[in-house]
Amino acid sequence: MAHVSEHIIIALHNMVGLDISYGKAREQSGENYYVIYQYEYENTGLEAGNIAVDLINSLINKEPFDLDLRLNKLKNLLRSEQLGLSTLAICEEAKNRGIPILRIGEQSIFQLGYGKHSKKIQATVGNDTSEIAVSIAQDKLLTKELLSLHCLPVARGFKIGSRLEAITHAKEVGYPLVLKPRFGNQGKGVIVNIKNEIQLLKAYDLLITDYKDLIIEEHINGNDYRVCMVYGEIVAVSERIPPYIIGDGISSIEELIRQTNKDIRRGEGHEKELTKIKIDDALIEYLRRKRFTLKSLLPKDKKLFLKDNANLSTGGFAIDCTESICEETIEYCKRAANAIGLDICGIDLLCKDISKPLDPEGAITEINAAPGIRMHQNPFFGTKRNVAGHIVDKLFKDSLGKIPLVAVTGTNGKTTTTRLIAHILSVAGYTVGMTTTDGIYIDGKCIFKGDTTGPKSALAVLMNKNIDAAVLETARGGIIRGGLAYDLADVGVITNITQDHLGIDEVETLDDLAKVKALVGEAVKEEGCVVINGDDNMSISILERFKSPLVIFSQTKDNPILQANIKNGGFGIYVDEGNIVIEKDSMTEKLIDINSIVITLKGILKYNIENTLASCAAAIGLGIDYATIREGLRSFTCNQNPGRFNMYYVNDKRVVLDYGHNKDGYKCVLDGLKQLEHNKLIGVIGVPGDRSDKDIVEVGKCAGENFDYIFIKEDGDKRGRANDEVANLLEKGVLTSKFNSMNLRKISKETEAFNAALDLAELEDIVIVFFEKLEPLIEIIRSKTIEIENSILDLAAK
């Protein structure tokens, strides 16, 4: 049934005109299944799923089901979500140029590109479009006055506010006339060729109920043309033809309209090349003036136009005539666009022949901001004009909207690697946006504190207009719950994949976790690269999932995965005789002495050597020169890496603060601590509550095997655990290591446990805190330091 449901969902999408084909049904457990399927519009996709399930259940329960009703509701839902062809065409052209796309909200507003090079569009209103110019274009009377001041031919007209004013100005202008809304759009409410006062008053009464401001103007005889201007260049010209029907001698006008509307190219709005002809009061009035009704039979082969105006929005269609426009008219159009101040616009002309100058019989009737381009992209007849491509090229004439983008994932080392890559990029001259477990940073300044490793935080960086490079720490939870915020990265880094977060979000095994982390490596540009830890077995196990070139790093020169990648023409970064070495195509470069890298504590912190290798590999993947990478590695200090083996001195007692939160994280820190001279190791330990019982016990056992004294604390955020539940599991693990229970205390509050550890510590002892929140611990250290300084001053005074 899950498989049947999947195919019904795909079919429903196809039935409403969405071309999707991907779907999978996968057993979750027992009788429960996941149905996974492709979608273009979220709400429509979800409703298709609901319809499929309801349909199947109605068949099982032998209950009636109105598929037509549900399908019509689905179509209406789609129309409320669907983008117009103009917007889709621009987005598609951006994609063709490798420019990433972000949708802003639920409207048709998109950001093309990332950071300072990004541009925003709404339909064909571009990033550089003037709001004042748009306001002028929306006011047809003001537009007419402004064009007239620039000595451009326009239809003479006036604003009217009453029937009397309509009659008065009609006499002044002379029949035939046009009556239309002052602030209308898409040809709505335009009534043309009004020949006498009776028709004028009927037209006025019809429009005044829907429009507050009306204008009356002279009727210009001629064909209806739309000229599309993009940044001062005419890129397309179309002749617009009003909708019409041709009689068959047996069908009524209404029946002929419905037959015409069955053309698959016609949609309800702007979602297709053409729009369906709407049967409304304006159409009925038009027919009455032509002495027809909807029930009238149209003689065979008789052609009947259904509208005076030829807008595509009212059912008209277009014929391309870009090659026909004469130079004089081109010059008029350029002057008109310049007069209004629009960078992208549609200029409406009425004239008998576009290949001849407008004067004396033609005129500019309107200037349109946000012009629809579907008539040019897909004309009914003639050459297709890639207006969307012209718009994108002009928007990005100075850049392609691209910035270096690095995504970093893994179990341990993500944050340090992210910070170090960002630092190298800043040394290279970039303004870097960064997301980490402790906040969002723009050019080194924290704009938001918290765990910001999900897609929403990444968007805050990618949409920031100050940055020209992005480094995004990308965690498992964010990937599962929200996917990736970006299309494709330039570099994807996977630091390592070890046991952590298992049993959460149905990630039960290391293989499951590896598949989740692999997404960061899969979503990389073809010309980009994936950085992989050659010393980590789980990372190696997913290599076949990646299509982009690999950069392998290892702590040893002879690593077989690294050497194989070098033989295949890829980069290898490794440690050899105390140096980080880069090798490619048999060429080697000694980049830097490990003792020169501050965060490794002269090579003591092995895991930070690994993080440095990963960061170096990412920088190489971005094409950063070796001198800049070297300078970045030398100048990155522990102070720039808060919460990662930060060492402080409090009255000759050393304190180390670290965010280690799993067994491997603990082991890495403890291995480094043991290489420092010390008396006793005093641990303040805790782990987040969303780890499995087994993993928490293992952390406790690791602590018991390495510390002399232990204080067990609990995180403030229990993550679903009861009070003392995590502490009891840690205690169980500590005691399984045969740890002396006399040296073990449980103090739930982190700050109180830290103070107790400081009170216990003596000279040459090291206190290590695996913390949840850094700032309160820093505050304690500051207060203790001030107390010591004040005591020294008191002694000096005495």
Exercise for the section: Run down the aspartates and glutamates and flag those whose C-alpha is under 20 Å from the C-alpha of Lys674, throwing out any fewer than 8 positions away in its chain. Expected result: Glu610, Asp652, Asp658, Asp664, Glu698, Glu705, Asp708, Glu762, Glu764, Asp765
Problem - Counted charge near Ile20, where neighbours are those whose Cβ lies closer than 12 Å (Asp, Glu -1; Lys, Arg +1) - result: -3
Practice task
Under a cut-off of 18 Å between alpha-carbon atoms, report the lysines in cross-link reach of Lys24, not counting same-chain residues fewer than 8 places apart.
Solution key: Lys515
Fill in the blank from the handout: Residue-ordered couplings for region 217-227, obtained by feeding phi - 60° into the Karplus form 6.51 cos²θ - 1.76 cosθ + 1.60 and rounding to whole Hz (Gly and Pro as x), are 8, 5, 8, 9, 7, x, 7, 9, 10, 10, 10
Practice task
Only Lys, Arg, Asp and Glu count, each charged at its Cβ (+1, +1, -1, -1), so figure out the dipole size of region 460-610 about its Cα centre, rounded to 20 debye.
Solution key: 200
Problem - Cα-centre dipole for the chain with unit charges at Cβ (Lys and Arg positive, Asp and Glu negative), debye to 20 - result: 2100
Practice task
Calculate the length of the line joining the C-alpha centroid of region 286-321 to that of region 635-660, in whole Å.
Solution key: 79
Practice task
Note down the relative contact order for region 335-378 as a percent, whole number, built from C-alpha pairs under 8 angstrom at least six residues apart.
Solution key: 42
Fill in the blank from the handout: Taking every other residue with Cβ under 10 Å from the Cβ of Asn311 and scoring Lys and Arg +1, Asp and Glu -1, one gets +2
Problem - region 521-606: projected area of the alpha-carbon convex hull, averaged over directions, in nm² - result: 6.1
Handout entry: Proportion of all alpha-carbon pairs of region 251-402 beyond 25 Å (%)
Key = 44
Exercise for the section: Beta carbons within 10 angstrom, averaged per residue: use that to sort the peptides 464-477, 253-266, 686-699, highest first. Expected result: 464-477, 686-699, 253-266
Completion exercise
Taking the convex hull of the alpha-carbon atoms of region 343-384 and averaging its shadow over every direction gives an area in square nanometres of 3.8
Exercise for the section: Taking the chain as the reference, fit the longest principal axis to its C-alpha atoms, fit the long axis of helix 414-427 to the helix C-alpha atoms, and give the angle between the two in degrees, 0 to 90, nearest 10. Expected result: 70
Exercise for the section: Search the structure for amide H atoms under 5 Å from the amide H of Thr365, placed 1.01 Å from N in the peptide plane, and list their residues when 5 or more places away or on another chain. Expected result: Asp348, Leu349, Leu350
Handout entry: Geometric extent, Cα atoms of region 203-267 - Rg, Dmax (angstrom)
Key = 17.9, 51
Fill in the blank from the handout: Here the equivalent ellipsoid of the chain, derived from its Cα gyration tensor, has semi-axes (largest first, whole Å) of 68, 30, 25
Practice task
Enumerate by residue number the trypsin sites (Lys or Arg not before Pro) in region 721-762 meeting two conditions: DSSP loop (anything except H, G, I, E, B), and at most 15 other Cβ atoms within 10 Å of the site's Cβ.
Solution key: Lys738, Lys749
Exercise for the section: Compute the Cα gyration tensor for region 689-779, then decide on rounded, prolate or oblate, letting a ≥ b ≥ c be the square roots of its eigenvalues: rounded whenever a/c is under 1.5, prolate when a/b is larger than b/c in the other cases, and oblate in all that remain. Expected result: oblate
Handout entry: Per-selection Rg to Rh, region 581-643 - Cα, Kirkwood hydrodynamic radius
Key = 0.97
Practice task
Determine which lysines satisfy two conditions relative to Lys116: a Cα distance under 28 Å, and not lying fewer than 8 residues away in the same chain.
Solution key: Lys95, Lys394, Lys397, Lys402, Lys414, Lys445, Lys449, Lys456, Lys465, Lys525
Fill in the blank from the handout: the chain: antiparallel bridges as % of DSSP beta bridges, rounded to 5, reads 65
Handout entry: Computed over the chain: relative contact order in percent, which uses C-alpha pairs under 8 Å that are six or more apart
Key = 8
Fill in the blank from the handout: Correct semi-axes for region 197-317, from √(5λ) of the alpha-carbon gyration tensor and rounded to whole Å with the largest first, are 25, 22, 14
Exercise for the section: Between Lys674 and Ser296, with labels modelled 7 Å along Cα→Cβ, what's the label distance in nm to one decimal, could you check? Expected result: 9.8
Practice task
Any chance you could get the radius of gyration and Dmax over the Cα atoms of region 90-177, in Å?
Solution key: 20.5, 59
Exercise for the section: May I ask which residue of Met15, Gly643, Pro100 lies farthest towards the positive end of the charge dipole of the chain, with charges of +1 (Lys, Arg) and -1 (Asp, Glu) on Cβ and the Cα centre as origin? Expected result: Met15
Handout entry: Whole-number accessible area per residue in Å² for the chain, which is evaluated in the context of all protein chains at 1.4 Å
Key = 46
Exercise for the section: Would you mind counting up the charge near Leu591? Only other residues with Cβ under 14 Å from its Cβ, with Lys and Arg at +1 and Asp and Glu at -1. Expected result: -2
Problem - the chain: calculated mean residue ellipticity at 222 nm from DSSP helix runs of at least 4, using -39500 (n - 2.57) - result: -11500 deg cm²/dmol
Fill in the blank from the handout: In whole percents, the bins of 5 Å from zero upward hold the Cα-Cα pairs of region 259-310 as 4, 17, 24, 24, 19, 10, 2
Practice task
Could you work out the Kirkwood radius for region 7-126, taking every pair of different alpha carbons, averaging 1/r and inverting it, reported in Å?
Solution key: 16.6
Completion exercise
Restricting to Cα pairs under 8 Å and 6 or more apart, the percent relative contact order of region 576-652 works out to 23
Practice task
Distance between Cα centroids, region 182-232 to region 26-92: provide it in whole Å.
Solution key: 41
Exercise for the section: Consider just the alpha-carbon atoms of region 592-738 and return their Rg together with their Dmax, both in angstrom. Expected result: 17.6, 52
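The values are calculated or read from the model by the stated rules, or taken from the named source; none is laboratory data. All figures in this text were calculated on a predicted structure; none of them were measured in a lab. Glycine also receives a Cβ, built like all others from the backbone with ideal geometry; neighbour counts cover every protein chain displayed. When the accessible area is computed, the model is the full protein with side chains, heavy atoms only, and any ligands, DNA or RNA have been set aside. Shrake-Rupley method; radii C 1.70, N 1.55, O 1.52, S 1.80 Å.
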